[in-house]
Amino acid sequence: MLKVVYTFFLGLLLAIFVGVGTNTFYGGPKPPEYSAALETYGKDPTPEQIKLQKDYSARMDEYNRKMKPYNRNVSAVTLSAAVILLTVSLAFEKKIKIIADGIMLGGVFTLLYSLGRSFASEDTKYTFVVVSVGLIVAIYLGYHRFIKAQE
């Protein structure tokens, strides 16, 4: 039981490591700050507040526009990290099985993170590529770990 917990913890920690590392070294665009002057609390907005709201909406639209390619790029980086982790797990499979299993689980979690970021990019062609890579990796890992291991 402790081995299962350790494997899961190692996998989760690796995925967090990749996500935090990506955010640390490739920070995203900064969201616009919401002005306290925009809070009307049930009152009719003043002309100044309407102007501030339009300005905030324009800055928010710009931020959202910048986030789409950022999410795609983060997805590409984490997809690469996932493939590397999964390759490393296969390399250590026979030497240190419990660590190899944790690394494999970390690669799978990182792959899921990459999928989420690809959906956030709103680029359907790119998302299709990421889903395809995920499917190929899942089929290969399933074959390699469960079918080939029994032969």
Cut-off 20 Å, label point 7 angstrom out along Cα-to-Cβ of N64: give me the residues of the stretch 109-148 whose amide nitrogen falls inside.
116-125, 127
Sorted by mean Cβ packing within 10 Å, highest first, what order do the peptides 73-80, 30-37 take?
73-80, 30-37
Tell me, what HN-Hα J-couplings in whole Hz come from the Karplus equation 6.51 cos²θ - 1.76 cosθ + 1.60 at θ = phi - 60° for each residue of the stretch 4-15, using x for Gly and Pro?
5, 4, 4, 4, 5, 4, 4, x, 5, 5, 5, 5
Using a Förster distance of 22 angstrom, determine the FRET efficiency expected from the C-beta separation of F146 and S80, and round it to 0.05.
0.30
Nearest-0.05 FRET efficiency for T124 and A91, computed from C-beta distance (R0 41 Å):
0.75
Express in nm, to one decimal, how much length is gained between V20 and F8 on full extension, taking 0.36 nm for each residue of separation and deducting their alpha carbon distance.
2.5 nm
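Coordinate-derived values only; no laboratory data. None of the values given here were measured: they were computed from a predicted structure. All Cβ positions, glycine included, derive from the backbone under ideal geometry; neighbour counts span all protein chains shown.
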